[in-house]
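S.K.: Below is a structure I'd like to ask you about.
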Amino acid sequence: MRNGERPVNTTDKTDKACAADVAGGADATPGPLLRATGVVKHFRGRGRRGVQAVNGVSLEVRTGETLGVVGESGCGKSTLGRCLVRLTDLTAGTVEFDGQDITTLSRRSLRPVRRGLQLVFQDPYASLNPRRTAGDAVAEPLRIHGHGGAASVGKRVAELFDLVGLARTHLDRYPHEFSGGQRQRIGIARAIALSPRLVVADEPVSALDVSVQAQVLNLFADLQEELGLTYVFIAHDLGVVRHVSDRIAVMYLGEIVEVAEAEALYAAPAHPYTHALLSAVPEIDDGSGAPRRERVVLTGDVPSPIDRPTGCSFHPRCPAAQARCRTERPPLNHAGGRQVACHFPLTSPIGVGAGQHGRL
Ligand code: SF4
């Protein structure tokens, strides 16, 4: 999944000049497979404006990469994932897939697009019909999309079982007869049945034991290599996201606050929220004597998406907040391949020194 680190150039650019960087780099070829622009998703509910789950997210996903999307529970990342695959309608903004604007496509027009754009759910058990066998579950998208006759569907289902590491002898078993990891393999087989180009995986390993997580993550990596898949990998665990992502987008309260190449982000997070999240990831002592990260403990809960703070959404919890942060919302600025939404971004590598404001 990982392409290796790109050098980060620190020259500031305007938003317009950096349009290509939003895609992940001015030299990115080929163009993005998916582009989200100003995506907003609000749900009706209490309060005048309802729940503002996603609040103006723009991002692009390159063909063949894994973009990790990470943030605390309730930050809007799963809602964003559903917007990207049009499982939910957007309140505002656009989503383009393979150059086609799919934002307002009708259910019928969306159907051929669905072949190329699939979602893997967090809870495979909830997404499987308990009264249908695993073979039936994997065959369903093939039947819906007219893959062919029963023999053709059966052959494809058997191939998919092989691909995801399930025994063909388990085709007639029911979901409750499988372990959690096996059920997620069924979910993955369903998702790749129609040979999609992009898979949005929403917390696909968070319900699994740690030992099983590694096996499923390896399966994602193998399938990407074998089938040339592009992933959006959503998770709350930065430790997991690090190992699967080429680039990482960090979300807070419905907004993207930082995007960077995975290694660059881990080596030197620029946003105080990223810094705090990273400081909570356990480090392995490699014996090099390198300084350990100092734990940054965030106080307070994530504010309600019904009643967002003024200015920077992170200011009530940010150890580096200053007066300006309470009134002025920071834009997502671009510098090289990195994007950061902070008036006072950190500049020093994590664990080596403090940020420019010297408070973290
Ligand atoms: Fe913290 Fe201010 Fe940056 Fe927001 S803009 S992350 S409050 S320093």
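The values are calculated or read from the model by the stated rules, or taken from the named source; none is laboratory data. Not measured: the values here are computed from a predicted model. Here Cβ is always computed from backbone atoms with ideal geometry, including for glycine, and neighbour counts include all displayed protein chains.
S.K.: How about the range 211-287: which strands (runs of 3 or more DSSP E) wholly inside it have at least 1 residues that are polar (S, T, N, Q) and farther than 19 Å from S73 by Cα? Break it down stepwise before answering.
M.R.: Numbers: elements: 230-235, 247-252, 255-261.
Ranges flagged: 230-235.
S.K.: Separate question: Would you mention how many residues in the range 61-78 are charged (D, E, K, R) and part of a strand (DSSP E or B)?
M.R.: Count: 1.
S.K.: Another question about this same structure. Considering the range 314-360 alone, what residues qualify as being at pLDDT below 90, crowded, with 18+ Cβ neighbours inside 10 Å and part of a loop (DSSP other than H, G, I, E, B)?
M.R.: G336, G337, L346, I350, G355, L360
S.K.: Among the residues in the range 182-192, are any of a type in the set (G, A, S), surrounded by 16 or more Cβ atoms within 10 Å (Cβ to Cβ) and not in a helix (DSSP H, G or I)?
M.R.: For the range 182-192, residues of a type in the set (G, A, S), surrounded by 16 or more Cβ atoms within 10 Å (Cβ to Cβ) and not in a helix (DSSP H, G or I): absent.
S.K.: Can you tell me which residue in the range 116-173 is farthest from D101 (Cα to Cα), limited to those that are of a type in the set (S, T, N, Q) and in contact with a strand residue (DSSP E or B) (Cβ under 6 Å, 6 or more places away or on another chain)? Write out each step before concluding.
M.R.: First, pick out the residues of the range 116-173 that are of a type in the set (S, T, N, Q): 118, 122, 127, 129, 133, 152, 169.
In the following step, the residues that additionally are in contact with a strand residue (DSSP E or B) (Cβ under 6 Å, 6 or more places away or on another chain) were identified as 118, 122.
Working: Q118: 16, Q122: 27 Å.
Result: Q122.
S.K.: Suppose we filter the range 302-317 for residues that are near the ligand (Cβ under 8 Å from one of its atoms) and either under 21 Å from the mean Cα position of the chain (by Cα) or over 15 Å from P330 (Cα atoms) (or both); how many remain? Lay out the reasoning, then the answer.
M.R.: As a first pass, look at the range 302-317 and keep what is near the ligand (Cβ under 8 Å from one of its atoms): 311-315.
Narrowing further to those that are either under 21 Å from the mean Cα position of the chain (by Cα) or over 15 Å from P330 (Cα atoms) (or both): 313-314.
Looking only at that region, the number is 2.
S.K.: While we're looking at this one, here's another question. Within the range 329-347, how many residues are near the ligand (Cβ under 8 Å from one of its atoms) and either among the aromatic types (F, W, Y) or farther than 17 Å from L277 by Cα (or both)?
M.R.: Looking only at that region, the number is 3.
S.K.: Which of the residues spanning the range 136-172 are aliphatic (A, V, I, L, M) and not in a helix (DSSP H, G or I)?
M.R.: Result: V164, L166, A167, L171.
S.K.: Let me ask something additional. Tell me, please, whether a residue that is among the β-branched types (V, I, T) and either part of a loop (DSSP other than H, G, I, E, B) or at pLDDT 95 or above (or both) can be found in the range 17-28.
M.R.: Within the range 17-28 (the criterion being among the β-branched types (V, I, T) and either part of a loop (DSSP other than H, G, I, E, B) or at pLDDT 95 or above (or both)), the answer is no, since none of the residues qualifies.
S.K.: Now, a different point. Right, P291: within 26 Å of V281 (Cα to Cα) and either away from the ligand (no atom under 11 Å from the Cβ) or at pLDDT 80 or above (or both) or not? Give the steps one after another, and end with the answer.
M.R.: Numbers: within 26 Å of V281 (Cα to Cα): yes; either away from the ligand (no atom under 11 Å from the Cβ) or at pLDDT 80 or above (or both): yes.
It is true that P291 is within 26 Å of V281 (Cα to Cα) and either away from the ligand (no atom under 11 Å from the Cβ) or at pLDDT 80 or above (or both).
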